[in-house]
There are 2 protein chains.
Amino acid sequence: MQSITPVRHKITLSDVAAGCGVSRATVSLVLRGSPLVNKHTRARVEEELRRQGYVYNRAAANLRRRTSSSIALVLNDLANPFFAEFAAGVDAVVGEAGFVTLLGCTSESSTREQAVLGSLIEHGPAGIILSPAEGSSAQQVLAAMGAQTPLLLFNRELGGNLPEYAHWDLLALDNQRGTRLATEHLIAQGHRRIAFFGGHRAASSCRQRHAGYTEAMQAAGLRIEPHWQLECAPTRLDAASQTAALFAAAPMPTAAVCYNDAVALGLMLGLSQRGLQPGRDFALTGFDDIAEASMSMPPLTTLTTAPLARGRQAAELLLQRLRDPTALTRHTIAPVQLVVRASSCPPPTV
Amino acid sequence: MQSITPVRHKITLSDVAAGCGVSRATVSLVLRGSPLVNKHTRARVEEELRRQGYVYNRAAANLRRRTSSSIALVLNDLANPFFAEFAAGVDAVVGEAGFVTLLGCTSESSTREQAVLGSLIEHGPAGIILSPAEGSSAQQVLAAMGAQTPLLLFNRELGGNLPEYAHWDLLALDNQRGTRLATEHLIAQGHRRIAFFGGHRAASSCRQRHAGYTEAMQAAGLRIEPHWQLECAPTRLDAASQTAALFAAAPMPTAAVCYNDAVALGLMLGLSQRGLQPGRDFALTGFDDIAEASMSMPPLTTLTTAPLARGRQAAELLLQRLRDPTALTRHTIAPVQLVVRASSCPPPTV
DNA sequence: TGCCGCATTTGGAACGATCCAAGTATGGAG
DNA sequence: CTCCATACTTGGATCGTTCCAAATGCGGCA
């Protein structure tokens, strides 16, 4: 019966070496599975490692080898299920590659973003994946993290212009194509008066989604009424309370392309409160395909973005960059896919 | 105009020291804000730090000082909004305390949990917050992380019995009291035939919730029919497909206490498919108060657990443990609160 | 002038690993 | 018996920081 004795001080290579009468160097070779060590010696050392309960000190090794074994993930909003799934995807790939994820949340504050980046960079991550907070600029980010560490931007672009020697990769969703598909789908259903609802135009993702809508409307020769272009915070509550504005003046829309699912679900609620049944009296589409989208009443037509897969992809892009630091800056646009459900009905008066 | 020149090698204390003609020790003192340095010298050094774009190497400092500046967070399911919010709460407090969060996801696999713990422990975190995967045991966890690092268990207890020298703290939800409150509420509404629906009895949280239900039923002298005690995976889809079993035999229940919100929402769907209107023909309660709970039709009566606050609390408990490693093991039970909404209607035949 | 105290600065040894050049056996060939 | 290749093994320097004991410079005082 082998018992692992509780110890007070941390066991190091030297302890193990002393414990079985070899040098530190030999123990180190054993740890790294070098073929140089005699298998007799190896067995003895491995036994001693187990016996003393040795724990590898990766920080010390990284210091000597001048390597890093971590990747920083900085998110504007972890509580949002979209980013949570994204994070799960990142962590999975990062872990498979033998790295560890350093997490940082900025809560949409660019001030906190600077602080978080500053703190994480001191731990010397091999690279950083950043989903910027609203209003964060390239200069700020550069000041906080320097130009030494590879950065992959996710989801949003940065304000300001970045110096050319900082080559930052980008992974973004095909926002414009997404809303274009949704708008074209509504048009094909017979709708002519289609609103664009929700989001803040300050965010690049919102501008892109609005552009997709505009593109489809113009291609179909349809009118875009200014009072159908409504901004609101990307939350259910705010969307619900903005619903009335859609119907404030004639001509009234028969459908809406919403900034995202949260907004669409809020709009559904607002419609119900006005006695309109979404999916029968009014058509709408979302963006993101969050879990609730398929379970809502009616189920929501939306664009699926596969956040888990996006997380994996982001991590893989960053790993590629680590392998080849001098490769050209890469901007990747991830496809989105229209999922047609019951919320995008034909207009009532067809 | 000051420009930060892009450099190829990492700037160290020695570079800065050489750059302004002082010793490494002095620069180190400046970095740590020691009152020993002359303010003239301090200014010169600070200027040089800025000029060279020096980045503190916390790993090297930690090695020398034998300290740690990270806390590991290991979660069974980051994609679940409950844990995502929890993680956001943990990270906020961990960051405020000057630590950084090391993230690890186990995807409910105890094998991955061992691997993740093994990898994280090599980075020498000051402590670990662990929400165990299903079926994970104390022995496994101990083998993976050793007894040196303080551990706070969250949400679930571990199978097996832990050795007494590993003092592990615990933060759990008051599951039993929660479902007792929900059950008592349904009884007060006039229900007599109440089911317990969903979850796997293998999980400690499910057993505790079931116990709360049993307690309330027995205290009210009500019968518990075995065919009302239904297990299912804690997902909407599985819950929906298990709905029929509730009504397979007489007597049929008029209400159900559900394992969690996901199960409750699934049950709502299942009820609708059978032509029963939840909140009118059948009453039900959930657990967790996820975002959708208040937006569902009808809004769901449930137990709110404040996952963000729980995350903050978990981090604070761990920080306390770090301050006093010899204090007695602490088991904290976080209160939950009943939120009454429309889903818990009185029975139809009262 | 010599000595002391104060304020400030410093060289060198850690921390726990890895790298590297050099060391020790061993056995076979000449 | 010497020499050399092969198969391991090892001491010491090193990564970037902090700690510590000791050094330095300077003004004042006897």
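The values are calculated or read from the model by the stated rules, or taken from the named source; none is laboratory data. On a predicted model such as this, the values are computed, not experimentally measured, just so you know. Neighbour counts run over all protein chains shown; Cβ positions are idealised from the backbone, glycine included. Accessible surface areas use protein heavy atoms only, side chains included; no ligands, DNA or RNA. Shrake-Rupley method; radii C 1.70, N 1.55, O 1.52, S 1.80 Å.
Starting from the label point of residue B:220 at 7 Å along Cα→Cβ, the same points in the other copies fall at 5.3 nm, in ascending order. Interface residues of segment B:74-99, defined as those with an accessible-area decrease of at least 20 Å² between the chain by itself and the complete set of protein chains (probe 1.4 Å), are B:78, B:79, B:81, B:84, B:85, B:88, B:91. Net charge of the neighbourhood of residue B:45, taken over other residues with C-beta under 14 Å away and scored Lys/Arg +1, Asp/Glu -1, is +3. Take every Cα pair under 8 Å whose residues are at least 6 apart in sequence, average their separation, divide by the length of segment A:173-306, and the relative contact order is 25 percent.
Have a look at the DSSP beta bridges in chain B and tell me what percent are antiparallel, nearest 5.
Details: 4 of 37 bridges.
DSSP beta bridges in chain B are roughly 10 percent antiparallel.
Each of B:121, A:346, A:117 was placed along the dipole of the protein assembly as shown (beta-carbon charges, centred on the mean Cα), and the one lying farthest toward the positive end is B:121. Between segment B:265-313 and segment A:130-193, the alpha-carbon centres lie 35 Å apart.
For residue A:108, the label point sits 7 Å beyond Cα toward Cβ; its separations from the matching points on the remaining copies run 3.1 nm, from shortest to longest.
Label-to-label distance, residue A:326 versus residue A:309, with points set 7 angstrom from Cα along the beta-carbon direction: 3.5 nm. Solvent-accessible surface of segment A:60-112, averaged per residue with a 1.4 angstrom probe and all protein chains in place: 36 square angstrom. Note on B:52-64: average number of Cβ atoms from other chains within 10 Å of each residue's Cβ is 4. Starting from the label point of residue A:281 at 7 Å along Cα→Cβ, the same points in the other copies fall at 2.4 nm, in ascending order. Out of A:223, A:32, A:321, any idea which swings most in a Gaussian network model of chain A, alpha carbons joined below 10 Å? Highest fluctuation among the options: A:32. Chain A and chain B together bury an accessible surface of about 3600 square angstrom, both sides counted, with a 1.4 Å probe and no ligands or nucleic acids included. Of all the options A:74, A:263, A:340, the one that moves most in a Gaussian network model of chain A with Cα springs shorter than 10 angstrom is A:340.
Over chain B, calculate the relative contact order: mean separation of alpha carbon pairs under 8 Å at least 6 apart, over the residue count, as a percent.
Dividing the mean separation by the residue count of chain B yields 16 percent.
Note on segment A:175-305: antiparallel DSSP beta bridges, both residues inside, total approximately 10 percent of the bridges counted. For the set B:39, B:10, solvent exposure ranked by accessible area (probe 1.4 Å, protein chains only) runs largest to smallest as B:39, B:10. What you get for chain B, charging only the Cβ of Lys and Arg (+1) and of Asp and Glu (-1), is a dipole of about 1020 debye around the Cα centre.
Interface burial in segment B:271-306, defined as at least 20 Å² less accessible area with all protein chains than with the chain alone at a 1.4 Å probe, covers B:292, B:295. Considering only protein heavy atoms and a probe of 1.4 Å, how much of the accessible area of segment A:175-305 is carbon and sulfur, as a whole percent? Percent of accessible area from carbon and sulfur atoms in segment A:175-305: 53.
Using R0 = 35 Å, the C-beta based FRET efficiency linking residue A:10 and residue B:229 works out to 0.10. About the centre of its Cα atoms, the protein assembly as shown shows a dipole size close to 1620 debye [charges on the beta carbon of Lys, Arg (+1) and Asp, Glu (-1) only; nearest 20 debye].
Residue and distance for the chain A Cβ closest to the axis that moves A onto B, in whole Å, come to A:84, 2. The contact residues of segment A:104-131, meaning those that lose at least 40 Å² of 1.4 Å-probe accessible area when all protein chains sit together rather than their chain alone, are A:122, A:123. When +1 charges are put on Lys and Arg Cβ atoms and -1 charges on Asp and Glu Cβ atoms, the dipole computed for segment A:113-181 relative to its Cα centre reaches about 220 debye. For segment A:13-56, the solvent-accessible area of protein heavy atoms averages 61 Å² per residue (probe radius 1.4 Å; ligands and nucleic acids excluded).
So if we plug the beta-carbon distance of residue A:97 and residue A:202 into 1/(1 + (r/R0)^6) with R0 = 25 Å, what FRET efficiency do we get, rounded to 0.05? Present the calculation step by step, with values, prior to reporting the outcome.
Details: r = 35 Å, r/R0 = 1.42.
So the FRET efficiency works out to roughly 0.10.
Annotation: amide H-H contacts under 5 Å for residue B:167 (H modelled 1.01 Å from N, sequence separation of 5 or more, or interchain): none. For segment B:13-56, the fraction of 1.4 Å probe accessible surface lying on carbon and sulfur atoms is 53 percent.
Residues of segment A:175-305: accessible area per residue at 1.4 Å, in Å²?
Details: 4800 Å² over 131 residues.
Averaged over the residues of segment A:175-305, the accessible area is 37 Å².
For segment A:26-113, the Cα-based Rg and Dmax, in that order, read 19.1, 58 Å.
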